1. Quick one: angle between helix 121-142 and the longest Cα principal axis of the chain, in degrees between 0 and 90, rounded to 10, please.
2. Please list, in chain and number order, the residues 5+ apart from Leu199 or on another chain whose amide H is under 5 Å from its amide H, with Hs placed from the backbone.
3. Just to check I understand the Karplus step: with θ = phi - 60° and J = 6.51 cos²θ - 1.76 cosθ + 1.60, what whole-Hz values come out for the stretch 170-175, glycine and proline as x?
4. Points 7 angstrom from Cα along the Cβ direction at Thr43 and Thr28: gap in nanometres?
5. List the trypsin sites (Lys or Arg not before Pro) within the stretch 2-107 that fall in a DSSP loop (any state other than H, G, I, E or B) and whose Cβ has at most 10 other Cβ atoms within 10 Å.
6. Which of the following values of log10 I(q)/I(0) by the Debye sum over Cα atoms at q = 0.12, 0.13, 0.15 Å⁻¹ was calculated from the structure shown: (i) -0.76, -0.85, -0.99; (ii) -0.66, -0.75, -0.93; (iii) -0.59, -0.69, -0.91?
7. Divide by every residue of the chain the summed helix terms, -39500 (n - 2.57) for each DSSP H run of at least 4, and state the resulting mean residue ellipticity at 222 nm, rounded to the nearest 500 deg cm²/dmol.
8. Pull out a ≥ b ≥ c, the square roots of the eigenvalues of the alpha-carbon gyration tensor of the stretch 37-113, then state rounded if a/c is under 1.5, prolate if not and a/b is larger than b/c, and oblate in the remaining case.
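What follows draws every value from the coordinates through simple rules; no lab data is involved. None of these values were measured; they are calculated from a predicted model. Glycine gets a Cβ as well: all are built from the backbone with ideal geometry, and neighbour counts include every protein chain shown.
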Amino acid sequence: MRQRSRERLVLAAAEVFAEQGYAGATVTAIAERAGVSLRTLYTAWGSKRRLLRAYVEYTMTGSPTAVTEGTWVPQLQRLLDPESLADPQARMRQVARIVREIAERMGLAWRLVRDGAAIDPGVAEDHAELERLRRRSMAGLLEGIDEGSLRPGLTLDRAIDTTLVIASPSAYETLVHPGGYSMDEFERWVGDTLITALLADPRP
């Protein structure tokens, strides 16, 4: 099957998921939205769960292909400006910018996986895997930071834990949707909060 047809199915699935939720979406509705037969859908993706996983990967990379730690983490690290990595505050601002970019692309996907995990054991496995990847991603973005720049008593592992909470999908959903933050405000909040929570000297 051509790649374009596979991508059309993934985008159709995203539309149906957004309208009906993961639980309410049916493969029949997805196939109809994409203008293909059920047989074509199953040949391309095999299940609703795999369509959701493909959509998540599409939002991450622009293509519904498997995302691995070995490809994703270096891709994120390349977004950091090497000229300013020695400045801890500048690094936190860059991490906030990257978190914003990911949230803009993946906001719906995060919510769908979280909700799907509550009812589908397979999606729950995917959710757990994505959470592990999220931790490795934050570890990659903080890699090489001078631990002397962190708050006294704060280890790098604890700094990663803290970053995961501040830059979490739930923080994005709470602040941007019910909270009404703009994306600029969300990025600024992430940066300010990381600086205050992680760094020994949070002064500008």
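1. For helix 121-142, the angle is close to 30 degrees.
2. Arg151
3. 5, 5, 4, 5, 5, 7
4. 2.2
5. Values: sites: Arg2, Arg4, Arg6, Arg8, Arg33, Arg39, Lys48, Arg49, Arg50, Arg53, Arg78, Arg91, Arg93, Arg97, Arg100, Arg105; in loops: Arg2, Arg78.
Answer by residue number: Arg2, Arg78.
6. Recomputing log10 I(q)/I(0) by the Debye sum over Cα atoms at q = 0.12, 0.13, 0.15 Å⁻¹ here picks out (ii).
7. On the way: 10 runs with 147 residues, N = 204.
-23500 deg cm²/dmol, from helical runs alone.
8. Details: a/c = 4.45, a/b = 2.63, b/c = 1.69.
Here the stretch 37-113 falls in the prolate category.
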